[in-house]
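The values are calculated or read from the model by the stated rules, or taken from the named source; none is laboratory data. Quantities reported herein were computed from a predicted structural model and do not represent experimental measurements. Here Cβ is always computed from backbone atoms with ideal geometry, including for glycine, and neighbour counts include all displayed protein chains. Heavy atoms of the whole protein, side chains included, go into the accessibility calculation; ligands, DNA and RNA do not. Shrake-Rupley method; radii C 1.70, N 1.55, O 1.52, S 1.80 Å.
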Amino acid sequence: LAKTTQPISMDSYEGQEVNITCSHNNIATNDYITWYQQFPSQGPRFIIQGYKTKVTNEVASLFIPADRKSSTLSLPRVSLSDTAVYYCLVGGERRDSNYQLIWGAGTKLIIKP
Amino acid sequence: GAGVSQTPSNKVTEKGKYVELRCDPISGHTALYWYRQSLGQGPEFLIYFQGTGAADDSGLPNDRFFAVRPEGSVSTLKIQRTERGDSAMYLCASSSPLAGKYNEQFFGPGTRLTVL
């Protein structure tokens, strides 16, 4: 199974760029890398997804090296409202079985003023 | 447009009782997922529907848990003979037919189940 490893928690300050790295050494060829954000008492919210190299959208960038064994979520100029738990997930279609996205405990990001 | 809705938002029940949790996905979304989440943990997959059928129910913990989606839209998660260990946040998500199974999922606000 393509499990992921993330830091349990991170602190940063308003206006800084925050990078959260996720390890997924057993990633398979069909697997995508997806990041979600979750605030307390809310369901997770999709942030970004990628397969390789770099993906950027209006809220974040995702950097994936050539070997795809890790990925880095980059949040530019964070604000207090970015305080949340961030989940890295790896998953994709399997020819012989279903494969479900495995959610780890995520990274609790705390932004300080 | 309306997002995924879940009712009730909170449910308190007694050990041994039966509960039903409802999920109303985004209109047109054919894929629907149920998860449960304990405090401090990530969501734990329970079941995945594609249309009316359960494409994967491998995450259901035991036969006390059952889910249906009879018309391919609203889904109900049913828990029989509830136990205190069933207390958790139950999350529902849906995704577009244009998206793959592992692409963006839209989550509802969840139902907080407390079994006394």
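Can we say residue B:11 is closer than 16 Å to residue B:64 by Cα, open to solvent by 50 Å² or more (accessible area, probe 1.4 Å) and charged (D, E, K, R)?
For residue B:11, the condition - closer than 16 Å to residue B:64 by Cα, open to solvent by 50 Å² or more (accessible area, probe 1.4 Å) and charged (D, E, K, R) - is not met.
So if I check each of B:90, B:48, B:35, which one is in contact with a Pro (Cβ under 7 Å, 6 or more places away or on another chain) and within 12 Å of chain A (Cβ to nearest Cβ)?
So the residue among B:90, B:48, B:35 that is in contact with a Pro (Cβ under 7 Å, 6 or more places away or on another chain) and within 12 Å of chain A (Cβ to nearest Cβ) is B:35.
Going through B:110, B:42 one at a time, which residue ends up being facing chain A (nearest Cβ under 9 Å) and over 16 Å from residue B:9 (Cα atoms)?
Just one listed residue meets the conditions, B:42.
Can you tell me how many residues in region A:25-64 are open to solvent by less than 50 Å² (accessible area, probe 1.4 Å), among the aromatic types (Phe, Trp, Tyr) and facing chain B (nearest Cβ under 10 Å)?
Of the residues in region A:25-64, 2 are open to solvent by less than 50 Å² (accessible area, probe 1.4 Å), among the aromatic types (Phe, Trp, Tyr) and facing chain B (nearest Cβ under 10 Å).
Would you be able to say whether some residue in region B:66-89 is under 18 Å from residue A:87 (Cα atoms) and modelled with pLDDT of 95 or more?
Yes; the residues of region B:66-89 include at least one that is under 18 Å from residue A:87 (Cα atoms) and modelled with pLDDT of 95 or more.
Would you say residue B:84 is under 20 Å from residue B:12 (Cα atoms), within 11 Å of chain A (Cβ to nearest Cβ) and among the basic types (Lys, Arg)?
no
Could you tell me whether any residue of region B:19-27 is open to solvent by 20 Å² or more (accessible area, probe 1.4 Å), touching a residue at least 60 places away in the same chain (Cβ under 8 Å), at positive phi and not in a strand (DSSP E or B)?
Checked region B:19-27: no residue is open to solvent by 20 Å² or more (accessible area, probe 1.4 Å), touching a residue at least 60 places away in the same chain (Cβ under 8 Å), at positive phi and not in a strand (DSSP E or B).
Identify, from the list B:60, B:32, B:46, B:91, the residue that is assigned to a loop (DSSP other than H, G, I, E, B) and not β-branched (Val, Ile, Thr).
Only one candidate passes the filter, namely B:60.
Go through region B:65-87 and give me each residue that's part of a loop (DSSP other than H, G, I, E, B) and either open to solvent by 20 Å² or more (accessible area, probe 1.4 Å) or closer than 19 Å to residue B:6 by Cα (or both).
Answer for region B:65-87, where residues must be part of a loop (DSSP other than H, G, I, E, B) and either open to solvent by 20 Å² or more (accessible area, probe 1.4 Å) or closer than 19 Å to residue B:6 by Cα (or both): B:69, B:70, B:71, B:72, B:73, B:74, B:80, B:81, B:83, B:87.
Any idea which of B:75, B:96, B:58 is more than 13 Å from the chain's Cα centre (by Cα) and either over 19 Å from residue A:34 (Cβ atoms) or without any contact (Cβ under 8 Å) to a residue 24 or more places away in the chain (or both)?
B:58
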